[in-house]
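The values are calculated or read from the model by the stated rules, or taken from the named source; none is laboratory data. These figures come from a predicted structure and were not determined experimentally. All Cβ positions, even for glycine, are placed from backbone atoms using ideal geometry, and neighbour counts span all protein chains on display.
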Amino acid sequence: MKFTVLGSGDTRGLPKVGCHCATCADALKTGFERKRFGIVVEHESDGKTTRILIDASPDLRRAFLQYGFSSKDLDAVLLTHEHYDHVAGLGDFFYEGKTIPLYARPDCIDHVFSEHAYGYLRGFRLFDFHKMDWLAPFSVGGADGIRVTPVPVTHSIETAGFVFEAGGKKAAVLTDCRADVPAPTQDAIRDADLLFTDGWMENSEQFKEAHRAFHSDLSESALTELSKRKKRNHLLISEALELAMRVGAKKTVLLHVAHAASPHAALSRRYDSAKIQVGFDGSRFEA
Ligand SMILES: [Zn+2]
Ligand SMILES: [Zn+2]
Ligand SMILES: [Zn+2]
């Protein structure tokens, strides 16, 4: 299987608009960008390629143009959850007039395609809706395609991770998640050849710094409380590495990286190794 990272950033993206922090200043100077989250998964068998998109970010259109993808080439779209940075690009499926299978949890479909959100897209029959059950695998692209298993993760709202199996390999994608990854999910991703995971920031000081910007009313002790594992909705890089070690992932890619973390070059120097890589937009991986 081949994986292309369409966007390696969190909901603010990098550079964050109007931000003068060291990482955003570096990004503006070097042109390094983190678009919002997305991954394309591909598997080729007998000359036929099965292609799956995970999430439709507000940067989807630009990522498709930049990396040479098109919605007409997709065999399925999977949604992890209904937060803005994961669904705001769903309108970019307008171009092809093709109906694409879309897999998500029932509540996610109901929210995203409600009459007050993207419900108006239903009329264009862009998507064929499939409601996923936890740990119930389904196939995309037939018997020689990709086997997908949705797994639960903890986040501020119900959120899915995915396990992909094809050609005797296993890969897992867990975006937005808290440190308390449920035991059945840890079992499902065990020994993955490739693990993509939330690697939001490096430490709780960066978390507190980022939150001071829009919670100026919060006391230092309230910020400390918020930065603790169970109150924080994303993994710190140290927690992501702990998780990768615990489940025995052969290679781990850190994504959903915030502007509050160090500039990419510094993150790379600090964390990249044979088994770990800090993801970036357009990075490609194989399992
Ligand atoms: Zn997100
Ligand atoms: Zn910044
Ligand atoms: Zn989220």
Exercise for the section: Please work out which residue is farthest from residue 179 (Cα to Cα), limiting yourself to the range 243-261 and to residues that are in contact (Cβ under 8 Å) with a residue 12 or more places away in the chain and surrounded by fewer than 19 Cβ atoms within 10 Å (Cβ to Cβ). Expected result: 250
Handout entry: Some residue of the range 85-95 being more than 20 Å from residue 186 (Cα to Cα), aromatic (Phe, Trp, Tyr), modelled with pLDDT of 95 or more and buried (at least 19 other Cβ atoms within 10 Å of the Cβ)
Key = no
Problem - Residue identified as of a type outside the set (Asp, Glu) and more than 27 Å from residue 260 (Cα to Cα) among 171, 160 - result: 171
Fill in the blank from the handout: Here the residues within the range 1-31 that are among the β-branched types (Val, Ile, Thr), crowded, with 23+ Cβ neighbours inside 10 Å and over 12 Å from the mean Cα position of the chain (by Cα) are 23
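Output yes when any residue across the range 269-279 is within 16 Å of ligand 3 (Cβ to nearest atom) and hydrophobic (A, V, I, L, M, F, W, C), and no when none is.
The first filter runs over the range 269-279 and keeps only residues within 16 Å of ligand 3 (Cβ to nearest atom), leaving none.
No.
Pick out the one residue from 39, 52 that is more than 16 Å from ligand 1 (Cβ to nearest atom), within 25 Å of residue 92 (Cα to Cα), crowded, with 24+ Cβ neighbours inside 10 Å and among the hydrophobic types (A, V, I, L, M, F, W, C). Give the steps one after another, and end with the answer.
Details: 39 fails: more than 16 Å from ligand 1 (Cβ to nearest atom).
Just one listed residue meets the conditions, 52.
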Exercise for the section: With the condition kept exactly as written, say whether any residue in the range 159-169 is among the acidic types (Asp, Glu) and buried (at least 22 other Cβ atoms within 10 Å of the Cβ). Expected result: no
Handout entry: helices (runs of 4 or more DSSP H) enclosed by the range 219-287 - at least 3 residues per element that are of a type in the set (Val, Ile, Thr) and under 28 Å from residue 28 (Cα atoms)
Key = none
Problem - Hey, residue 19 away from ligand 3 (no atom under 16 Å from the Cβ), touching a strand residue (DSSP E or B) at 6+ places or on another chain (Cβ under 9 Å) and not aliphatic (A, V, I, L, M) or not - result: no
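For every residue, the table says whether it meets (1) of a type in the set (A, V, I, L, M, F, W, C); (2) farther than 19 Å from residue 40 by Cα; (3) away from ligand 3 (no atom under 16 Å from the Cβ); (4) surrounded by 14 or more Cβ atoms within 10 Å (Cβ to Cβ).
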| residue | (1), (2), (3), (4) |
| --- | --- |
| 120 | no, yes, yes, no |
| 126 | yes, no, yes, yes |
| 133 | no, yes, yes, no |
| 141 | no, no, yes, yes |
| 145 | no, no, yes, yes |
| 154 | no, yes, no, yes |
Handout entry: Residues located in the range 31-65, provided they are in contact with a helix residue (DSSP H, G or I) (Cβ under 9 Å, 6 or more places away or on another chain), within 16 Å of ligand 2 (Cβ to nearest atom) and free of Cβ contacts under 8 Å to residues at least 60 places away in the same chain
Key = 36
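Matching residues to (1) surrounded by 13 or more Cβ atoms within 10 Å (Cβ to Cβ); (2) more than 16 Å from ligand 3 (Cβ to nearest atom):
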site	(1), (2)
199	yes, no
205	no, yes
208	yes, yes
227	yes, yes
241	yes, yes
Exercise for the section: Using the structure shown, decide if residue 7 is out of contact with any Cys (no Cβ under 7 Å at 6 or more places or on another chain), within 16 Å of ligand 3 (Cβ to nearest atom), closer than 20 Å to residue 130 by Cα and in contact (Cβ under 8 Å) with a residue 24 or more places away in the chain. Expected result: no
Handout entry: Unique match (being at pLDDT 95 or above and among the aliphatic types (A, V, I, L, M)) among 222, 183, 213
Key = 183
Practice task
Report, by residue number, each residue of the range 86-119 that is touching a strand residue (DSSP E or B) at 6+ places or on another chain (Cβ under 9 Å) and either within 16 Å of ligand 2 (Cβ to nearest atom) or in a loop (DSSP other than H, G, I, E, B) (or both).
Solution key: 88, 89, 99, 105, 113
Exercise for the section: Name, by its number, the condition in (1) within 20 Å of the chain's Cα centre (by Cα); (2) closer than 27 Å to residue 202 by Cα that does not hold for residue 61. Expected result: (2)
